[in-house]
Amino acid sequence: MPKQGALTARQAQTASKELYNFKNKRVSIMNKLMPVLLFLCASVSILTTLGIVITLISETFQFFQKIPILDFLFGTKWSPLIPPKSFGVLPLLSGTLMITFIACLVAIPIGLASAIYLSEYAPKQVRKVIKPILEVLAGVPTIVYGYFALSLITPLIQKMFDSAGIFNALSAGIVVGIMIIPMVCSLSEDAMSAVPRSLRDGAYALGATRFEVALKIVVPAAFSGIVASAVLAFSRAIGETMIVTVAAGSTPNMTFNPLESIQTMTAYIVQVSLGDTPHGTVEYGSIFAVGMTLFVITFLLNILAQYIARKFREEY
């Protein structure tokens with residue numbers, strides 16, 4: 001019996017050692033496998049970006065073999081589909097910048113004021129309700145915003161200005177601004193909330209009012225985040241598609257009158273991408289040339305936002 005008991009204990013010890021080795025082996029395999037899987041997941045976004053850039057560059061290069069790049073960049077008439085054909089992108093660029101400028105005039109003051117209220121004035125319970133509502137507003141499909149502009153904002157503008165048409169830049173710009181308010185508000189409020197409480201308490205101890213603390217202490221301390229949110233909102237407005245397609249029209253006018261119909265770069269891409277333009281033609285290549293222009297602008301704006309965030313970031 002003792003011999004049998006000793007044998008059983010030896011078997012149990014052996015089984016325990018084998019189980020321990022198995023667990024170690026499994027952990028070792030997972031430690032080697034997981035970094036590879038995570039690297040592959042991280043590589044998806046990089047490879048996707050490279051694929052987009054390569055496609056844009058190759059198609060744009062073929063387009064500029066047929067159309068001089070100077071005529072494209074500095075031409076003042078855009079008519080790639082109707083003879084006599086012209087490929088000057090400035091009308092599309094001016095329309096895009098007009099929509100973006102109007103949108104920023106709407107979004108930045110309202111978004112910043114909302115962020116100051118949420119950060120400095122709103123009770124916690126109110127903040128918990130308002131901020132999710134703003135984030136839901138950011139999730140509304142842009143096509144809904146487009147028909148909102150066409151059915152509600154445009155009639156109001158026509159009542160105020162007799163010269164306003166059904167499709168105009170002012171209506172589209174206002175609604176694009178409404179759409180990007182949550183972005184400005186959320187990012188700015190996060191930057192303000194990161195300002196240490198000690199700065200506020202010191203200002204209150206010196207006799208400052210809550211409004212003075214907000215404008216003279218909190219906003220300057222969170223300046224990098226606020227400016228970065230504004231630049232990102234500007235970039236988002238430039239890339240907006242469906243609102244401007246529905247509400248701004250499809251007339252590539254190089255005008256500074258927001259009551260007229262204009263066409264943006266994204267709206268033109270939608271117009272030509274419907275399938276009526278033959279593949280390989282100059283008109284088809286103009287999609288990629290306009291898309292490359294839009295990509296370069298948004299890319300530079302994102303770099304500017306990161307530079308501003310680093311340069312003016314306050315360390316506490």
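Output the residue which, of all residues in region 141-160 that are among the aliphatic types (A, V, I, L, M) and closer than 16 Å to Thr245 by Cβ, is surrounded by the most Cβ atoms within 10 Å (Cβ to Cβ). The qualifying residue surrounded by the most Cβ atoms within 10 Å (Cβ to Cβ) is Ala149. Of the helices (runs of 4 or more DSSP H) entirely within region 105-202, those holding at least 3 residues that are more than 20 Å from the chain's Cα centre (by Cα) and over 20 Å from Lys216 (Cα atoms) occupy 124-138, 154-160, 169-193.
Mind checking which residues of region 182-196 are closer than 12 Å to Leu137 by Cα and surrounded by 24 or more Cβ atoms within 10 Å (Cβ to Cβ)? Scanning region 182-196 gives a single hit, Cys185. Annotation: of all residues in region 56-76 being in a helix (DSSP H, G or I) and among the aliphatic types (A, V, I, L, M), the one that is surrounded by the most Cβ atoms within 10 Å (Cβ to Cβ) is Leu56.
For region 114-129, a residue qualifies if it is free of Cβ contacts under 8 Å to residues at least 40 places away in the same chain and open to solvent by 60 Å² or more (accessible area, probe 1.4 Å), and the qualifying residues are Tyr117, Pro123, Lys124, Gln125, Arg127, Lys128, Val129. Does Ile110 fit the bill of being in contact with a Leu (Cβ under 9 Å, 6 or more places away or on another chain) and open to solvent by 20 Å² or more (accessible area, probe 1.4 Å)? In short, no. Within the bounds of region 194-205, is there any residue that is of a type in the set (A, V, I, L, M, F, W, C) and under 20 Å from Lys128 (Cα atoms)? Yes, because at least one residue in region 194-205 is of a type in the set (A, V, I, L, M, F, W, C) and under 20 Å from Lys128 (Cα atoms). Might you check whether a residue that is modelled with pLDDT of 85 or more, within 24 Å of Leu105 (Cα to Cα) and either part of a loop (DSSP other than H, G, I, E, B) or in contact with a Cys (Cβ under 8 Å, 6 or more places away or on another chain) (or both) occurs anywhere in region 209-222? There is at least one residue in region 209-222 that is modelled with pLDDT of 85 or more, within 24 Å of Leu105 (Cα to Cα) and either part of a loop (DSSP other than H, G, I, E, B) or in contact with a Cys (Cβ under 8 Å, 6 or more places away or on another chain) (or both). For region 197-232, how many residues meet the condition of being touching a Phe, Trp or Tyr at 6+ places or on another chain (Cβ under 9 Å), farther than 18 Å from Ala113 by Cβ and open to solvent by 20 Å² or more (accessible area, probe 1.4 Å)? Residues meeting the conditions: 2.
The values are calculated or read from the model by the stated rules, or taken from the named source; none is laboratory data. Everything numeric in this text was worked out from a predicted model, so none of it was measured. Note that we place each Cβ from the backbone using ideal geometry, even for glycine, and neighbour counts take in every protein chain shown. These area figures cover heavy atoms from the full protein model, side chains too; ligands, DNA and RNA do not enter into them. Shrake-Rupley method; radii C 1.70, N 1.55, O 1.52, S 1.80 Å.
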